[in-house]
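Novice: One structure coming up, written as structure tokens, with questions to follow.
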Amino acid sequence: MFKVAVFSSKKYDKAFLEKYNVDTDLEFTFFESKLSRETVDLAQGFDAICMFVNDHADKFVLDHLKDFGIKVIALRCAGFNNIDIDYAARHGFKLCRVPEYSPEAVAEHTVGLMLTLSRKFHKAYNRIREDNFALDGLMGFNLHQKTVGIVGTGNIGLATTKILTGFGCKLICYDPNESEQVKQLGAEYVSLDELFRRSDIISLHCPLLNSTHHLINEDTLQLMKKGAMLINTSRGGLIDSVAIVKALLSRQLGYLGIDVYELESSLFFEDLSGEIIDDDVFVRLASLPNVVITGHQGFFTEEAISTIAKTTVGSLTTLLSNQQLDNEFLLC
Ligand code: NAD
């Protein structure tokens, strides 16, 4: 049997991974802890590890994993900003991810955030619970005919573009690799600056890389239309959170919908309802009426979790038995 240590595991990870772990040589051990310098010792005695979005595998962690004889690392997510891939490749790790599990899940969540903000669902929900049926303060705006800027037109950007085309939005996009499918939907590729200047709503779907870290900052926020809406379901580090608070307070930014936050690893996926949140920027953002935050749940649909579990079990089986894995799943 191949022993696999699963980090950051929740009840649903266990249920879905075990559901698809049938007739394989894999034996999962589930740890609630995040993978970090402090917890890496838990990986001793295993053949592989399985990690998620807020686990961190830097050089220190990878050195330890190598010393423990770990050969395979499976990311049960699409993003890979939380692992030093070059270092992992140089040290002979086999690294896989789930490149596409349900772009529609994240795209639908993205549009959900847009609609929540444009029609103030979050405020209406609370009012009705208190028998307040007044409409004052609930006036919204149509998405129809608004210009939406999509930054990153890979799987999720494309799925979001398809949905918004149905709403009658005008789609403008920026991506260094232009997609024919996106063009066929009638969307227009423009420069990033032009996208910032023309969009009523901007939605981020590019990966977090050194070159995209704080893509949204004090300068780029100034390029945007006053009162624009910004949505981020990609990775928190794309946005400079301090700059975003300033832009919201000065009314330069009109609406913010985020499913990800740059310091989310100390907050998200945990029940902290009895704790004091020690992050003033997050608390300020959460206090604003024109900000909607969800806790990295864009991926969290039955369909997506099933695909993640099935793909992860398949990739681990292939790599641990020294077979060739399709390139689309391999990071190195
Ligand atoms: P993808 O690889 O299919 O697409 C990413 C696109 O971004 C590519 O077309 C790429 O060319 C483009 N890109 C690269 N650099 C860019 C830049 N500087 N500016 C603009 N575009 C650039 O990835 P995907 O499956 O569409 O996922 C997008 C992101 O969504 C992932 O990186 C991940 O961080 C995030 N994600 C979030 C959730 C969630 O639950 N909220 C779930 C899955 C993925």
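Novice: Of Ser118, Ser179, Ser203, which is farthest along the charge dipole of region 103-293 in the positive direction, counting Lys and Arg as +1 and Asp and Glu as -1 at C-beta?
Specialist: It is Ser118, whose Cα lies furthest towards the positive end.
Novice: Follow-up. With a 10 Å radius around each residue's Cβ, average the other Cβ atoms per peptide and rank 16-22, 324-330, highest first.
Specialist: Highest to lowest by the protection proxy: 16-22, 324-330.
Novice: Report P(r) for region 253-332: all Cα-Cα distances, bin width 10 Å, range 0 to the bin holding the largest distance, values in whole percent.
Specialist: 14, 32, 24, 20, 10, 1
Novice: Related question: Please report the base-10 log of the normalised intensity I(q)/I(0) for region 103-293, using a Debye sum with one equal scatterer per alpha carbon and no solvent, at each q in 0.08, 0.16 (1/Å).
Specialist: Listed by q, the Debye log ratios stand at -0.26, -1.02.
Novice: Choose one of Ala309, Asn217, Phe28: the residue whose Cα lies farthest towards the positive end of the charge dipole of the chain (beta-carbon charges +1 Lys, Arg; -1 Asp, Glu; about the Cα centre).
Specialist: Most positive-ward Cα: Asn217.
Novice: Next question. Can you give the Rg/Rh ratio of the chain, where Rg is from the C-alpha atoms and Rh is the Kirkwood radius? Write out the running numbers ahead of the final one.
Specialist: Working: Rg = 21.0 Å, Rh = 21.2 Å.
With Rg and the Kirkwood Rh in hand, the quotient comes to 0.99.
Novice: Pairs of Cα atoms under 8 Å, at least six residues apart: use those to get the relative contact order of region 103-293, whole percent. The partial results should precede the final answer.
Specialist: Values: 324 pairs, mean separation 35.9, N = 191.
Over region 103-293, the number comes to 19 percent.
Novice: Right, something else. Are there GluC sites (Glu not before Pro) in region 130-222 that DSSP puts in a loop and that have at most 14 other Cβ atoms within 10 Å, and which ones? Working shown, then result.
Specialist: Working: sites: Glu130, Glu178, Glu180, Glu188, Glu194, Glu218; in loops: Glu130, Glu178.
Here the GluC sites (Glu not before Pro) that fit, given the DSSP loop and packing criteria, are Glu130, Glu178.
Novice: Any idea of the accessible area per residue across the chain, 1.4 Å probe, to the nearest Å²? Could the numbers behind the result be given before it?
Specialist: Values: 16220 Å² over 332 residues.
Here the per-residue accessible area is 49 Å².
Novice: Let me ask another. Pull up all non-local amide H partners of Leu230: gap of 5 or more, or a different chain, and H-to-H distance under 5 Å with H placed in the peptide plane.
Specialist: Ile202, Tyr255, Leu256, Gly257
Novice: For region 188-332, with all protein chains present and a 1.4 Å probe, just round the carbon and sulfur fraction of the accessible area to a whole percent. It would help to have the intermediate numbers written out before the result.
Specialist: Numbers: 3340 of 6810 Å².
Roughly 49 percent, rounded to a whole number.
Novice: Averaged across orientations, what area in nm² does the convex hull of the alpha carbons in region 239-287 project? Each step should come with its number before you reach the end.
Specialist: Working: hull surface 14.5 nm².
The orientation-averaged projected area of the Cα hull of region 239-287 comes to 3.6 nm².
Novice: Cα atoms only, region 134-230: Rg and Dmax in Å?
Specialist: 13.9, 48
Novice: While we're here: What's the magnitude of the charge dipole for the chain around its Cα centre, counting Lys and Arg as +1 and Asp and Glu as -1 at the beta-carbon? Answer in Debye, nearest 20.
Specialist: Working: 32 positive and 44 negative charges, 181 e Å.
Dipole about the Cα centre, nearest 20: 880 debye.
Novice: With respect to the cross-link table entries Lys59/Lys94; Lys120/Lys170; Lys3/Lys94; Lys170/Lys225; Lys14/Lys120, which display a Cα-Cα separation exceeding 25 Å? Could you put the intermediate results ahead of the total?
Specialist: Values: Lys59/Lys94 15 Å; Lys120/Lys170 22 Å; Lys3/Lys94 15 Å; Lys170/Lys225 16 Å; Lys14/Lys120 36 Å.
Pairs exceeding 25 Å: Lys14/Lys120.
Novice: Right, something else. Take the Cα pairs of region 26-84, get the Kirkwood Rh, then feed it into Stokes-Einstein at 10 °C and 1.306 mPa s and tell me D in µm²/s.
Specialist: Diffusion coefficient, whole number: 138 µm²/s.
The values are calculated or read from the model by the stated rules, or taken from the named source; none is laboratory data. Predicted model only: the values in this text are computed from it and were never measured. So basically every Cβ, Gly included, is an ideal-geometry build from the backbone, and we count neighbours across all protein chains shown. Please note that ligands, DNA and RNA were not included when accessible areas were found on the heavy atoms of the full protein model with its side chains. Shrake-Rupley method; radii C 1.70, N 1.55, O 1.52, S 1.80 Å.
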